[in-house]
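Each remark here refers to the structure printed beneath this line.
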Amino acid sequence: MNKLIVISAIAALSSGSALAENLNVGGAVESVCEVSNIATTHYFPALALGNTKTVNFDLKCNDVDGATLTLTTSEGHLQNADHEDRGVGYTAHLTAGPYDFTLSAEDGTNDQSAFQSNGGSNTLATTGVTGMIDLEVTQTPVYAGTYADTLMLTVTAN
Ligand SMILES: [Ca+2]
Ligand SMILES: [Ca+2]
C-alpha cells in the first residue's frame with residue numbers, strides 16, 4: 001500500500017515540470033593501445049640449442065576492457081634460408097604486467113599464434129607496463145646456413 005502512494009506522488013511531480021530540458025553532455029578520449037621501444041632485429045651468430053635472447057618492450061592500452069596480446073610466427077620455426085621446411089624450433093615466452101603466455105614455434109607450420117586477454121587497469125592505461133619476450137632455441141640445428149623467422153607481436157584493444 002505504501003508503495004502505491006509513493007509512485008503516484010512521483011508521477012504527479014514529473015508531469016508538472018513543464019520547463020525541463022535535457023542537455024546531452026559527452027566527450028571523447030583518444031584510444032592508445034600500443035607496443036613501443038622494441039628492438040626488431042635479433043640474431044644468433046652461432047645458432048645452437050639452448051640459446052636465449054630477451055626482447056624488452058613497453059605496453060600501454062587505455063581501453064577500459066583491457067587488451068589482447070598476440071604472438072604470431074610467420075614460418076613456424078627459424079627457417080633455413082635454403083629450404084622452407086628445414087628449421088630450428090624456438091619458444092617465445094611473453095610477460096608484461098598480468099600477461100604471461102608462450103608461443104611454441106617448433107614444427108614449421110606457418111602463421112601459428114598464441115594470445116592472452118586481460119582486463120583494463122589504471123596502470124596499463126596511464127604509465128603502461130614493461131614487458132619482455134624471452135626467446136629460447138629448443139632444437140639443435142642440423143644444416144649449415146642462415147635461419148630466420150618473423151615473429152609478430154600484436155596488441156588489440158578489447
Ligand atoms: Ca614454415
Ligand atoms: Ca573496449
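No lab work stands behind these numbers, since they all come straight from the coordinates. Being a predicted model, the structure only gives us computed values, none of them experimental. Reconstructed Cβ throughout: ideal geometry from the backbone, glycine too, with neighbour counts over all protein chains shown.
Tabulated values for the structure
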quantity: Extreme residue, surrounded by the fewest Cβ atoms within 10 Å (Cβ to Cβ), among residues of the stretch 119-152 that are farther than 30 Å from residue 83 by Cα and of a type in the set (A, V, I, L, M); calculated: 132
quantity: Every residue from the stretch 64-118 that is in contact (Cβ under 8 Å) with a residue 40 or more places away in the chain, crowded, with 16+ Cβ neighbours inside 10 Å and acidic (Asp, Glu); calculated: 75
quantity: Residue that is farthest from residue 129 (Cα to Cα), among those in the stretch 50-104 that are more than 16 Å from ligand 1 (Cβ to nearest atom) and small (Gly, Ala, Ser); calculated: 50
quantity: Residues of the stretch 37-52 classified as loosely packed, with under 11 Cβ neighbours inside 10 Å, over 20 Å from the mean Cα position of the chain (by Cα) and of a type in the set (A, V, I, L, M, F, W, C), total; calculated: 1
quantity: Pairs, first among the charged types (D, E, K, R) in the stretch 40-55, second in a loop (DSSP other than H, G, I, E, B) and exposed (fewer than 10 other Cβ atoms within 10 Å of the Cβ), C-beta under 9 Å, six or more apart; calculated: 53/43
quantity: Qualifying residues in the stretch 53-63 (those that are in contact with an Asp or Glu (Cβ under 9 Å, 6 or more places away or on another chain) and either of a type in the set (Asp, Glu) or in a strand (DSSP E or B) (or both)) - the one surrounded by the most Cβ atoms within 10 Å (Cβ to Cβ); calculated: 61
quantity: Which listed residue is of a type in the set (S, T, N, Q) and on the phi > 0 side of the Ramachandran plot, from 56, 37, 51; calculated: 37
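For every residue, the table says whether it meets (1) within 17 Å of the chain's Cα centre (by Cα); (2) within 16 Å of ligand 2 (Cβ to nearest atom).
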position: 62; (1), (2): yes, yes
position: 67; (1), (2): yes, yes
position: 76; (1), (2): no, no
position: 109; (1), (2): no, no
position: 113; (1), (2): yes, no
